[in-house]
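Peer 1: Below you will find the structure I want to go over with you.
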Amino acid sequence: MDDQEFAGYRQADAETLRRWEAWASEARTQLAAAGLPVEPHGLDPAVGAGAVVEVDPGADEAGGVYVSWRPAPVLRVAAMRCAVEQRPEDPVLGHIGAIDSAMTEAIRAVLTAGGFDIGDSPNDFAEGAVYVIGPPRRRLLESLGLEAPCCGGVLGVGRGSAPVGGPVPR
């Protein structure tokens, strides 16, 4: 058993992980450009809210990029109270469900408009999340003719057109 395998779980190869991370980064960029709050990668979920873009590093059919919506902690706490107090008919649950549906549809619309190939989550543990099947042909900032000075050219923006997840120009 190598470093990437544990109890039947196998992590995707380094190239695939790099490609998925590039897709996740572009998804965050497109969602933020649309005006949606995007939870910073690595932020503690206890304080975060907004679009959550994550990479499942598994080498199985569930591996890849997932985008979901996380409402503000105040709504999450209210929903948890309803569950703990066994109040399934409480209006807060309908409210949070409606918000989740609306925001998931907004995420789908933004990513589709940006050229991403998306689908339904193949992961039982990420049910309802938007699954990124493939990247757009061009990065958003590149298609707008904008440079990304904060990235130091790491994304290749403004330096030729490499497909998202493809080789980065050096």
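The values are calculated or read from the model by the stated rules, or taken from the named source; none is laboratory data. Just so it is clear, the structure is predicted and the values come from calculations on it, not from any experiment. Heads up, the Cβs are rebuilt from the backbone with ideal geometry, glycines too, and the neighbour counts pull from every protein chain shown. Accessible surface areas use protein heavy atoms only, side chains included; no ligands, DNA or RNA. Shrake-Rupley method; radii C 1.70, N 1.55, O 1.52, S 1.80 Å.
Peer 1: Near the amide H of A129, under 5 Å away, which other amide H atoms are found, from residues 5 or more places off or on another chain, if H is placed in the peptide plane?
Peer 2: Residues meeting the criterion, in which the H sits 1.01 Å from N, are S121.
Peer 1: Pull up all non-local amide H partners of R139: gap of 5 or more, or a different chain, and H-to-H distance under 5 Å with H placed in the peptide plane.
Peer 2: V164
Peer 1: Take the solvent-accessible surface of the protein heavy atoms, probe 1.4 Å, and return the percent of it on the stretch 1-97 that carbon and sulfur atoms account for.
Peer 2: Numbers: 3240 of 5560 Å².
For the stretch 1-97, the apolar C and S fraction of the accessible surface comes to 58 percent.
Peer 1: Would you tally the net charge around G48, using a Cβ to Cβ cut-off of less than 14 Å, leaving G48 out, and scoring K and R as +1, D and E as -1?
Peer 2: Working: positive: R28, R70, R76; negative: E39, D44, E54.
Once all neighbours under 14 Å are counted, the net charge is 0.
Peer 1: Related question: Remind me, what semi-axes does the stretch 47-87 give for its equivalent ellipsoid, largest first in whole Å, using sqrt of 5 times each Cα gyration tensor eigenvalue? Provide the component values of the computation, followed by the final result.
Peer 2: On the way: eigenvalues 158, 38, 8 Å².
Equivalent-ellipsoid dimensions as semi-axes: 28, 14, 6 Å.
Peer 1: Here's something else I'd like to know. Calculate, for A106 and R138, the FRET efficiency according to 1/(1 + (r/R0)^6) with r their C-beta to C-beta distance and R0 30 Å; round to the nearest 0.05. Write down the numbers at each step before the final one.
Peer 2: On the way: r = 22 Å, r/R0 = 0.73.
Once the sixth-power term is evaluated, E becomes 0.85.
Peer 1: How much net charge surrounds L93 when only other residues with a Cβ under 14 Å from its Cβ are counted (Lys, Arg +1; Asp, Glu -1)?
Peer 2: Details: positive: R76, R81, R87; negative: E85, E89, D90, D100.
Net of charged neighbours comes to -1.
Peer 1: Just read off the accessible area of L43 with the full protein assembly in place, 1.4 Å probe, to the nearest 10 Å².
Peer 2: L43 has an accessible surface of roughly 70 Å² with all protein chains in place.
Peer 1: Pull out the extension gain between R18 and D90, defined as 0.36 nm times the separation in residues minus the alpha carbon to alpha carbon distance; nm, one decimal. Can you show the working numbers first?
Peer 2: Values: separation 72, 0.36 × 72 = 25.92 nm, distance 4.33 nm.
Full extension of this stretch gives 21.6 nm more.
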